[in-house]
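Here is the structure we will look at.
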Amino acid sequence: MSKTQPKAPQVNDLDPPRAHSKAERVLQMLEREAGANIAQVMEATGWREHSVRAAITGLKKRGYQVVRRRDGETSTWAIVSVTGADAR
């Protein structure tokens, strides 16, 4: 018996965050060309580090292609594209 792989989300399948929510703010920050680091998102949302990381993981599960860039001790995350499309 073979298991079928779940289909990757397409742009139309994405469930965007509620308007004017903290999750939407995280999405906007990561969509910037420079992206955002954990400290910036923590300051913008009031969340703790583990909550920021969970939000980033949630965006990945929704189909957003999130990349991590390292600059010495600091990591920056950015959304480069959405699975199945070049842009959101």
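Some notes on this structure:
- Of all residues in region 68-88 being β-branched (V, I, T) and under 17 Å from A36 (Cβ atoms), the one that is modelled with the lowest pLDDT: V80
- Scanning region 13-40 for residues that are out of contact with any Pro (no Cβ under 9 Å at 6 or more places or on another chain), surrounded by 13 or more Cβ atoms within 10 Å (Cβ to Cβ) and among the acidic types (D, E) turns up D13, E31.
- On the stretch given as region 53-68, residues that are farther than 12 Å from L30 by Cα and touching a strand residue (DSSP E or B) at 6+ places or on another chain (Cβ under 7 Å) total 1.
- Selection from region 2-12 of residues that are surrounded by 12 or more Cβ atoms within 10 Å (Cβ to Cβ) and either at pLDDT 90 or above or not in a helix (DSSP H, G or I) (or both): P9, Q10
- Criterion applied to E43, E49 was being surrounded by fewer than 16 Cβ atoms within 10 Å (Cβ to Cβ), modelled with pLDDT of 95 or more and touching a helix residue (DSSP H, G or I) at 6+ places or on another chain (Cβ under 7 Å), and the one residue passing it is E49.
- Residue within region 59-66 that is modelled with pLDDT under 70, touching a Gly at 6+ places or on another chain (Cβ under 8 Å), assigned to a loop (DSSP other than H, G, I, E, B) and not basic (K, R) present: no
- Residue count for region 20-76, restricted to those that are of a type in the set (D, E) and touching a residue at least 24 places away in the same chain (Cβ under 8 Å): 2
The values are calculated or read from the model by the stated rules, or taken from the named source; none is laboratory data. Just so you know, these numbers come straight off a predicted model, no measurement behind them. Counting neighbours? That spans all protein chains shown, and the Cβs are built from the backbone with ideal geometry, glycine included.
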